[in-house]
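Laboratory data are not the source of any read-out in this text; all were calculated from the coordinates shown. From a predicted model like this one, the values you see are computed outputs, not experimental measurements. Reconstructed Cβ throughout: ideal geometry from the backbone, glycine too, with neighbour counts over all protein chains shown.
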Amino acid sequence: MGIGSETTRRKVRTIGLAVEGVEERVLLSTGIASPLRSHVAHYAAMPKSQKLVLSGNLKGSLTPQPLADLQNVSLTATLQGRTGNRKLGNVLITATGIAPAAIQDQVGRMKLVSQLQVQFVTPSGSDTSPGTLTLGTSRNRSKVPFKVTVSLSNGTDILAGASGTYTIQGTLNANAGSISGRLRGTLRTQPIA
């Protein structure tokens with residue numbers, strides 16, 4: 001059992017907690033700790049931010065619409081699923097963006113679609129923020145890898161003032177227009193008074 005071992009650290013932590021408990025009883029019995037107790041109660045009552053971890057599966061569809069210039073296409077993806085977080089519940093994600101019309105014909109090459117607007121809607125709050133879509137390389141049009149990355153910026157309700165980034169990573173079936181992916185990310189909410 002070395003100095004840096006986990007067992008040693010646990011014993012030191014246990015001894016430290018026992019000593020703190022004895023010190024606290026002595027202070028409380030003498031009345032010295034009353035101001036200390038009020039400070040601790042004040043800090044315990046302060047609002048705290050919440051960490052919301054996202055980890056869920058999504059399914060949906062991709063709908064391309066040709067634009068008037070015939071060189072660009074408007075992409076709309078709609079995904080539904082679970083966030084994996086009890087406070088947020090189920091989620092509906094809608095992403096819209098403009099890409100070159102040849103994006104579906106050349107699925108074998110990596111592409112980045114910027115100017116993507118992503119709407120993240122849950123029963124507890126929503127957010128509409130810009131994001132990026134990266135289409136990976138694949139010779140099989142029914143399994144094109146993709147990744148959407150979004151940083152929160154315009155949240156409402158529980159997501160008002162929240163920060164963090166989430167990703168949706170999965171596969172796109174360019175022939176059928178179907179999408180399946182995994183939602184992952186960590187969001188930090190503002191303290192609620």
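At-a-glance table
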{"quantity": "Spin-label model distance (nm) - Glu6 vs Gln65, 7 Å beyond Cα toward Cβ", "calculated": "5.5 nm"}
{"quantity": "Least to most buried among Thr7, Thr76, Thr128, Thr122 (fewest other Cβ within 10 Å first)", "calculated": "Thr7, Thr76, Thr128, Thr122"}
{"quantity": "Over segment 64-193: Kirkwood hydrodynamic radius from C-alpha pairwise inverse distances, Å", "calculated": "15.4 Å"}
{"quantity": "Residues Asp127, Asp69, sorted so that the one with the fewest Cβ neighbours within 10 Å comes first", "calculated": "Asp69, Asp127"}
{"quantity": "Sorted by Cβ density within 10 Å, fewest first, the residues Ile98, Ile168", "calculated": "Ile98, Ile168"}
